[in-house]
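Participant: Input: one structure, supplied below.
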Amino acid sequence: METLWSVRRPVRDLRPGDHAWLAYSGEDEQRHIAGAFVRDGLLAHDKVVYLTGSARDAVPGLTPDLPAHLLTVLAAEPPGGERLDPRAAAAMLAAELTRARRAGFRAVRLAADLTWALGGAGGLDPLLDLERRLDRAVAPSTSVTALCQVDRRRGRPADLAAMRAAHAVHATPDPEFEDSVLCVVRTFQPAGLALSGELDASRHAILDQALAAASAATAGDVHLDLAGLGFIDLGAINILADAAARHAGRGRIVLDRIPAQLRAVLETVGWHMLPGLSLSGPNLT
Amino acid sequence: MTLEHRAFMYSGPEDFLAVTVPFLESGLESGQAVVAVAREPNLTALRDTFAGHGTAIEYFDSAAFYRHPVRTLRDYQAIVKRSEPRSVCALAEPVWGRWDERQTLEWIRYESLINVVFAGSGARALCPYDTATLPDDVLAEARRTHPLLLTDGRDLINGRYVDPAVFGAGCDRAWRAGRPEGAEYLPIDGADLHALRSFVAERAAEHGLGRQPAQNLVTAVNEVAANALQHGVPPRGLWTWRDGDDLLCEVGDNGFWRPGPFTGFIPPDSALQQGFGLWTVRLLVDLVELKAGWDGTFVRLHTRR
């Protein structure tokens, strides 16, 4: 089940048989991605099974007036710091899946926050064992979609890489906006937006809205990843400058990975015309 | 603070130094930010003369500083801004031998625009004209674009000076005859300008423009077309054709938005100001011509390969 390849898929596009991975860098990101996974399931009246360390852990994406039978929270952390028992945890999940099928659910979403198990007794092995069991249960399924998450700040890089390699699908945020011309996706580390495609007058309102939301959600600098941007018109540059003026006092707007030809357009204008905007990161040619 | 914009006619290096050195000294003495933009060998002669002043004077070679009139205005404006609250004392010797007739007209217009762009800057600018090498028409036009003339060490109010708005309107009348028969046409009829950008990018590649000039041209045409969509009246369209090394892109609409003689020439304070778009269009291509008439409004962009 270890794969050298993986697909990146917005969380809304995850489908039965997907066993997806998310290493989040903060509650914001977890709420945005895992929260969407849980919420979309609940809104579709699918069964959502949420596996976590302790029953006291918050579940992201809960909807108001939630019918109780839609959500089951399972606490899997063994009391007293014992070693994670992958067989027992997998059996607990299998029992839930069976119950859901018997209850007539069309689809089941299984979300697991495994952060608690990263530093557990026995090291990574029991966790990888659990992942293998999960994969065997989910991959052939036509009704179960799984999303495994950990807080990347709590794991060692080698452990995170091993966990990541155990998933063929990597969950990405749902785009804030996407059509055939432009795609806008929130980013979390660093905080900001990734813009790809082409930005012209027909998408100015969308850019303006997305920047306002990113600015409101970000205490420091707002980063814009422009690696996938093929064109930016002068009106959009004006909107970036306007957003920088409105964000001033809290931070700058930093343009990351801007393609060389777009950077040259900005340099022709001159940075003194664009207060509050700055460049960082390696530039693509 | 008003601008002092002076021309002086010189003949030979001694004559040049006899006027420019006291001018730069007066700038240093009065605490102005002093810049010297001159052609060689004049530039080296000035550096030698002021060798004892260290970095008090900022030097630029005219050959690099005067490449594109609107970019040169931008660069002078940047110097004025970063020197604040000090005012600027600039020796400013343009380059004249490199341009064709239309480009020369644009540089003469540039001298006239200096009076508008830096009107309130308190700057003092001295523009030397070499009577030994410059053609008579350049010398004659200098008298129409500089309000002050330094003659025999004395400032004279220049009676032949022409108001920049009048001067600029005269330049706009230099619009040359219509498009050739073979010009390609693309209607601009939807809000989506993607097809227009592809069209221009293809013509740019066929003409042999480099990647960056091509990207600049696409950005400029896109902006003019977006303006035509927002402010113009249908039918709107883009014509492209080649004229020697120039690729021409002309956006026309049936409206009449009457650009003024300063439209797009005055650097905005920032990207947030109105006028940023057309000013940037002028920066991105080699030459922009505007024409508003009974048959509509036309913006013609020249890019040389």
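Participant: Can you name every residue in the range B:277-293 that is at the interface with chain A (Cβ under 10 Å from one of its Cβ atoms) and touching a helix residue (DSSP H, G or I) at 6+ places or on another chain (Cβ under 6 Å)?
Facilitator: Those that are at the interface with chain A (Cβ under 10 Å from one of its Cβ atoms) and touching a helix residue (DSSP H, G or I) at 6+ places or on another chain (Cβ under 6 Å): B:G277, B:T280, B:V281, B:L283, B:L284.
Participant: In addition: Quick test for you: out of B:W96, B:W107, pick the one residue that is within 21 Å of B:T263 (Cα to Cα) and more than 14 Å from chain A (Cβ to nearest Cβ).
Facilitator: Going through B:W96, B:W107 in turn, just one is within 21 Å of B:T263 (Cα to Cα) and more than 14 Å from chain A (Cβ to nearest Cβ): B:W107.
Participant: Right, something else. One residue is enough: does the range B:241-259 have a residue meeting the conditions crowded, with 23+ Cβ neighbours inside 10 Å, within 12 Å of another protein chain (Cβ to nearest Cβ), at pLDDT below 95 and outside any loop (DSSP other than H, G, I, E, B)?
Facilitator: Taking every residue of the range B:241-259 in turn, none turns out to be crowded, with 23+ Cβ neighbours inside 10 Å, within 12 Å of another protein chain (Cβ to nearest Cβ), at pLDDT below 95 and outside any loop (DSSP other than H, G, I, E, B).
Participant: For the range A:227-238, enumerate the residues that are in a helix (DSSP H, G or I) and not β-branched (V, I, T).
Facilitator: Within the range A:227-238, A:L234, A:G235, A:A236, A:N238 meet the criteria.
Participant: Shifting gears a bit: May I ask you to verify whether A:V265 is away from chain B (no Cβ under 14 Å) and either buried (at least 22 other Cβ atoms within 10 Å of the Cβ) or assigned to a strand (DSSP E or B) (or both)?
Facilitator: No, not satisfied.
Participant: Residue by residue through the range B:265-279, note down the ones that are free of Cβ contacts under 8 Å to residues at least 60 places away in the same chain, closer than 17 Å to B:H231 by Cβ and under 18 Å from the mean Cα position of the chain (by Cα).
Facilitator: B:G275, B:F276, B:G277, B:L278
Participant: Determine whether the range A:139-159 contains at least one residue that is in a loop (DSSP other than H, G, I, E, B), free of Cβ contacts under 8 Å to residues at least 60 places away in the same chain and crowded, with 18+ Cβ neighbours inside 10 Å.
Facilitator: no
Participant: Only one residue in A:L193, A:L224, A:L211 is crowded, with 17+ Cβ neighbours inside 10 Å, in a helix (DSSP H, G or I) and either polar (S, T, N, Q) or at pLDDT 95 or above (or both), so which one is that?
Facilitator: The unique qualifying residue is A:L211.
Participant: Checking the structure you have, find out if any residue of the range B:225-234 is at pLDDT 95 or above, in a helix (DSSP H, G or I) and in contact with a strand residue (DSSP E or B) (Cβ under 9 Å, 6 or more places away or on another chain).
Facilitator: So far as the range B:225-234 goes, yes, one or more of its residues are at pLDDT 95 or above, in a helix (DSSP H, G or I) and in contact with a strand residue (DSSP E or B) (Cβ under 9 Å, 6 or more places away or on another chain).
Participant: Separate question: If you scan the range B:20-38, which residues turn out to be surrounded by fewer than 19 Cβ atoms within 10 Å (Cβ to Cβ) and not polar (S, T, N, Q)?
Facilitator: B:V21, B:P22, B:E25, B:L28, B:E29, B:G31
Participant: Mind listing whichever residues of the range A:176-234 are free of Cβ contacts under 8 Å to residues at least 60 places away in the same chain and of a type in the set (D, E, K, R)?
Facilitator: Matches in the range A:176-234: A:E176, A:E178, A:D179, A:E198, A:D200, A:R203, A:D208, A:D221, A:D225, A:D233.
Participant: Select from the range B:192-224 the residues that are surrounded by fewer than 16 Cβ atoms within 10 Å (Cβ to Cβ) and among the polar types (S, T, N, Q) and write down the one among them that is nearest to the other protein chains (Cβ to nearest Cβ).
Facilitator: Taking the candidates together, the pick is B:Q212.
Participant: Then there's this: Determine whether the range B:149-162 contains at least one residue that is in the same structural domain as B:N42 (by TED's automatic domain parsing), assigned to a helix (DSSP H, G or I) and modelled with pLDDT of 95 or more.
Facilitator: There is no residue in the range B:149-162 that is in the same structural domain as B:N42 (by TED's automatic domain parsing), assigned to a helix (DSSP H, G or I) and modelled with pLDDT of 95 or more.
Participant: Additional query: Anything in the range A:207-255 that is acidic (D, E) and away from chain B (no Cβ under 14 Å)? List them, or say none.
Facilitator: Once the filter is applied, which keeps residues that are acidic (D, E) and away from chain B (no Cβ under 14 Å), the range A:207-255 yields A:D221, A:D225.
Participant: When residues of the range B:51-79 are filtered for being charged (D, E, K, R), within 14 Å of another protein chain (Cβ to nearest Cβ) and touching a residue at least 24 places away in the same chain (Cβ under 8 Å), how many remain?
Facilitator: Residues that pass the stated criteria total 2.
The values are calculated or read from the model by the stated rules, or taken from the named source; none is laboratory data. Nothing here was measured: the structure is a model prediction, and the numbers come from that model. Cβ: placed from backbone, ideal geometry, glycine included. Neighbour counts: every protein chain shown.
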